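Notes for the one structure printed next.
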Amino acid sequence: MNLRTLLITIGFLSQFTVNFAQNSSYWQQKVDYSMKINMDVTKHQYQGSQHLIYYNNSPDTLKKVFYHLFYNAFQPGSMMDIRNQNLPDPDRQLNESIKNLKSDEIGYEKILVLTQNGNKIEYKVDETILEAKLNKPLLPNDSTILDMIFEVQVPKLCRRAGRDNLQGIDYSMAQWYPKLAEYDYMGWHADQYIGREFYGVWGDFDVIIDIDSKYKVAAGGHLIDKQLMGKDKTRYHYQAENVHDFVWAADRDYTGYSLKTKSGTILHFNYQNTGHRDSIWHLAGPIIAKAFEFMNNRYGKYQYDTYSFIEGGDGGMEYPLATLVTGNRSVNSLVGIWAHEFMHSWYQMMLATNESNYPWMDEGFTSFATIEILEYLNNLNLINRNFPDFAFENDYNTWDNYLLSPFREPLSTHSDHYNTNYAYWINAYTGGEVFIKQLEYIVGQKAFDKGLLDYFDKWKFKHPEPVDFIRIMEKA
Ligand SMILES: [Zn+2]
């Protein structure tokens, strides 16, 4: 055992101090959303209605429900803002953009009416969390109807979501609606939003968006219908089944194309019709379609028939059936970010781990797979990247340096509670990646390959935990 192996082993052993055991009688909640919004592009606001059917599959009687109101974080003095200001390595761009927001530029989600089975219920809002007291407790194996009228202002900044991103996308609409918090064997996951992680309830989405006809909409879901509403507005009707979030974006300059993959899944590409994007996005599409074949064979078959690569956001961010990525890139860079975000369709969107508790399970596993995918494409000469002989070498070095640094924190740290962004990033991305690569070395290629597919088969459309992955690998 050389020094590096020793360090890595000690690193992992000491980090698995907390390990929750998943209940053997697994259950998960379900919620079906119907939402309709009417966008006012002059004020960057919309009023919306939301109709939820919430199924309580837990053994517990629920007397309350919680919602996330993410856009309330985009205000000067929010927990996200203050926390960021006090980090030794803050997101400086976020600092600058939040502090100068005026009242017509901040983000907010205001609730106008909330009812359960048609009767008004009491609620209170604490920044990004709404807590509502049910009139009629929700019994195990029962369901209830929750209706809401809400009003949203889209913030004038783009941190994952928002308006006017740095490359000119009008609306990047992630975290755009009051979202029911997840309840599982640990209880409610009603964490304040500080710009980091997500964990959602499985269910179906039906979404209607009315917007000025000058804007074109792209989304993670099936476009069921599109029609003119009067002379200035267009209605987009989307559906997405068996997912835990819904994202959309709108821009006046969107253009795009679609590709049918060998397995039948349609890939959609939506980007601004400016600069060199048209040629770059057309070159990159067939390359990611080739990667998609590899991903299906290696990590389990993608379970949906659509996926959209949408220009938007502030880098790259994953959602069910779609990603928002910034669009002004080279082919290498575009394929690289797509491979990572698309791979999250496995490690987070289908295998829906709790990102707040275990960021290394979605980011780490995704980072591991991204290297495998890019190495595969490189070997086919479809992209041109400089990998060392051992493609993971740079990340192993990063991990070694981190373990020797004073900034090291346990891998079991809650995502929102890290002392530095640096420790969060390295633990979540590199730590998870090195963990799974080391595991492959320890259990052997054959068992590892089988374990990856068994993990997918057993836990897709659920919320796996670390111990569930470990048990699968032990059995493989
Ligand atoms: Zn990621």
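The values are calculated or read from the model by the stated rules, or taken from the named source; none is laboratory data. Predicted model only: the values in this text are computed from it and were never measured. Please note: Cβ atoms are built from the backbone with ideal geometry, for glycine as well, and neighbour counts cover all protein chains shown. Protein only, heavy atoms only, side chains kept; ligands, DNA and RNA dropped before computing areas. Shrake-Rupley method; radii C 1.70, N 1.55, O 1.52, S 1.80 Å.
Between Phe407, Phe456, the distinction of being more than 16 Å from the ligand (Cβ to nearest atom), at pLDDT 95 or above, open to solvent by less than 60 Å² (accessible area, probe 1.4 Å) and not charged (D, E, K, R) belongs to Phe456 only. If you filter the stretch 326-342 down to residues that are of a type in the set (Val, Ile, Thr) and surrounded by fewer than 24 Cβ atoms within 10 Å (Cβ to Cβ), you find that the one that is farthest from the ligand (Cβ to nearest atom) is Val331. Looking for something surrounded by fewer than 19 Cβ atoms within 10 Å (Cβ to Cβ), without any contact (Cβ under 8 Å) to a residue 12 or more places away in the chain and over 22 Å from Lys233 (Cα atoms) - is there at least one such residue anywhere in the stretch 190-211? No, the conditions are met nowhere in the stretch 190-211.
Here the condition is being more than 16 Å from the ligand (Cβ to nearest atom), more than 30 Å from Leu87 (Cβ to Cβ) and not basic (Lys, Arg); of Asn397, Asn379, Asn419, it holds for Asn379 alone.
A quick yes/no check of all residues on (1) of a type in the set (Phe, Trp, Tyr); (2) closer than 26 Å to Gln175 by Cβ:
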{"site": "Leu259", "(1), (2)": "no, no"}
{"site": "Ile288", "(1), (2)": "no, yes"}
{"site": "Phe294", "(1), (2)": "yes, no"}
{"site": "Gly316", "(1), (2)": "no, yes"}
{"site": "Ser345", "(1), (2)": "no, yes"}
{"site": "Gln348", "(1), (2)": "no, yes"}
{"site": "Thr353", "(1), (2)": "no, yes"}
{"site": "Pro359", "(1), (2)": "no, yes"}
{"site": "Gly364", "(1), (2)": "no, yes"}
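When you check Met317 against the structure, is it closer than 15 Å to His344 by Cα, open to solvent by 10 Å² or more (accessible area, probe 1.4 Å) and within 16 Å of the ligand (Cβ to nearest atom), yes or no? Judged against the criteria, Met317 is a match.
Evaluate the stretch 280-288: report whether one residue or more is under 25 Å from Glu355 (Cβ atoms) and modelled with pLDDT of 95 or more. Yes: the stretch 280-288 contains one or more residues that are under 25 Å from Glu355 (Cβ atoms) and modelled with pLDDT of 95 or more.
When residues in the stretch 263-294 are screened for being in contact with a helix residue (DSSP H, G or I) (Cβ under 6 Å, 6 or more places away or on another chain), surrounded by 22 or more Cβ atoms within 10 Å (Cβ to Cβ) and in a helix (DSSP H, G or I), 3 of them pass. All conditions but one from (1) more than 16 Å from the ligand (Cβ to nearest atom); (2) farther than 18 Å from Lys460 by Cβ; (3) touching a strand residue (DSSP E or B) at 6+ places or on another chain (Cβ under 9 Å) apply to Asp305; the one that does not is (2). Residue count for the stretch 129-144 satisfying the condition of being touching a Ser or Thr at 6+ places or on another chain (Cβ under 8 Å) and of a type in the set (A, V, I, L, M, F, W, C): 3. Restricting the stretch 174-216 to residues that are small (Gly, Ala, Ser) and part of a strand (DSSP E or B) leaves a set whose member that is nearest to Tyr46 (Cα to Cα) is Gly203.
Scanning the stretch 430-447 for residues that are open to solvent by less than 50 Å² (accessible area, probe 1.4 Å) and either within 16 Å of the ligand (Cβ to nearest atom) or more than 20 Å from Leu411 (Cβ to Cβ) (or both) gives Thr430, Gly431, Gly432, Glu433, Val434, Phe435, Ile436, Gly444, Ala447. Report yes if some residue within the stretch 185-192 is closer than 24 Å to Pro76 by Cβ and not aliphatic (A, V, I, L, M); otherwise report no. Scanning the stretch 185-192 turns up at least one residue that is closer than 24 Å to Pro76 by Cβ and not aliphatic (A, V, I, L, M). Across the stretch 359-370, the qualifying residues are those that are more than 10 Å from the ligand (Cβ to nearest atom) and aromatic (Phe, Trp, Tyr), and the one among them that is surrounded by the most Cβ atoms within 10 Å (Cβ to Cβ) is Trp360.
Reported count of residues in the stretch 97-111, each being touching a residue at least 60 places away in the same chain (Cβ under 8 Å) and in a strand (DSSP E or B), is 2.
With the structure loaded, tell me whether Gly107 is surrounded by fewer than 20 Cβ atoms within 10 Å (Cβ to Cβ) and in contact with a strand residue (DSSP E or B) (Cβ under 9 Å, 6 or more places away or on another chain) or whether it fails that test. No; evaluated as a whole, the condition is false for this residue. Looking across Ser356, Ser345, one residue alone is among the small types (Gly, Ala, Ser), within 13 Å of the ligand (Cβ to nearest atom) and within 14 Å of the chain's Cα centre (by Cα). It is Ser345.
Only residues that are under 17 Å from Tyr307 (Cβ atoms) and surrounded by fewer than 16 Cβ atoms within 10 Å (Cβ to Cβ) were counted in the stretch 242-258, giving 3.
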